[in-house]
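One structure below.
The values are calculated or read from the model by the stated rules, or taken from the named source; none is laboratory data. For clarity, every value in this text was computed on a predicted model and none was experimentally measured. When we count neighbours, we look across all protein chains shown, and the Cβ atoms used for this are built from the backbone with ideal geometry, even at glycine. Just so you know, the surface numbers come from the protein's heavy atoms only, side chains and all, with ligands and any DNA or RNA stripped out. Shrake-Rupley method; radii C 1.70, N 1.55, O 1.52, S 1.80 Å.
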Amino acid sequence: MRIEPYLSFGGRCEEALSFYGRCLGGRIVALNRYAGSPLDTPKLPPEWKDKVLHAELEADGTRILASDGLPGAAKPAFSGITLSLDLGEDKQRAERIFDALAAGGQVRMPLAPKFWGAAMGMLQDRFGVGWMVSCAP
C-alpha cells in the first residue's frame with residue numbers, strides 16, 4: 001500500500017508542479033487537461049479548457065498527484081496538511097530542497113538539529129502547502 005498526496009491548486013496546478021519538479025529534482029510524468037476530456041462540455045468555462053484535470057509529478061520514486069480542481073470550487077486551503085520529506089543522511093540535499101521550497105513562502109521553523117538527533121525544518125511554500133523536511137545527522 002502507498003499513500004500519495006493529491007493536491008488541488010484552484011488554477012495553479014501546472015505552475016505548482018513545475019516548481020516542485022525544480023525543487024525536488026523531479027519531473028511531471030502525466031498531465032491531462034480539461035480540454036478533450038469527458039468534462040469538456042458546454043458547461044465548462046472556456047478559461048478552464050487549458051486547466052489541469054489530473055497530473056503526476058515523480059521525484060525519487062515518490063509521486064505527488066494534483067489537479068486544478070473543479071471550476072468554481074472554493075480556493076484551496078491546505079490547513080492541517082503537511083507533506084513530510086525525509087532525506088536520509090543527505091544534509092546538503094535537505095538544505096538545498098528546504099531553501100528551494102521556502103522561496104516565496106514562509107519558513108515556520110528553520111532547518112536545524114533537534115533534540116532527537118535529526119535535523120528538521122518546517123515551511124509553507126508559495127502555494128500554501130506545508131512541508132516538513134528532515135534528515136539524519
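Per-residue 3J(HN,Hα) values for the stretch 6-23, derived from phi via the Karplus relation 6.51 cos²θ - 1.76 cosθ + 1.60 with θ = phi - 60°, read 10, 9, 10, 10, x, x, 10, 4, 4, 4, 5, 5, 5, 4, 5, x, 5, 5 Hz in sequence order (x marks Gly and Pro). Among D99, D90, the sequence by solvent-accessible area, most first, with a 1.4 Å probe is D99, D90.
Here the dipole of the chain is about 220 debye; that uses its Cα centre as origin and unit charges on the Cβ of Lys and Arg (positive) and Asp and Glu (negative). Only protein heavy atoms count here; on that basis, with a 1.4 Å probe, S67 has an accessible area of about 10 Å².
Of the accessible area of the stretch 96-137, computed with a 1.4 Å probe over protein heavy atoms only, carbon and sulfur atoms account for 62 percent. From the coordinates of this entry, mean projected area of the Cα convex hull in nm² is computed, and it appears in (1) 9.9; (2) 8.0; (3) 9.3 under the label (3). A probe of 1.4 angstrom, applied to the heavy atoms of all protein chains, finds M109 with accessible area near 60 square angstrom.
Where only protein heavy atoms count, and the probe is 1.4 Å, what is the accessible area per residue for the stretch 1-48 in Å²?
Numbers: 3120 Å² over 48 residues.
It amounts to 65 Å² per residue over the stretch 1-48.
Given the stretch 19-84, what percent of its DSSP beta bridges are antiparallel, to the nearest 5? Before the final figure, lay out the partial values.
Numbers: 11 of 11 bridges.
Roughly 100 percent of the DSSP beta bridges within the stretch 19-84 come out antiparallel.
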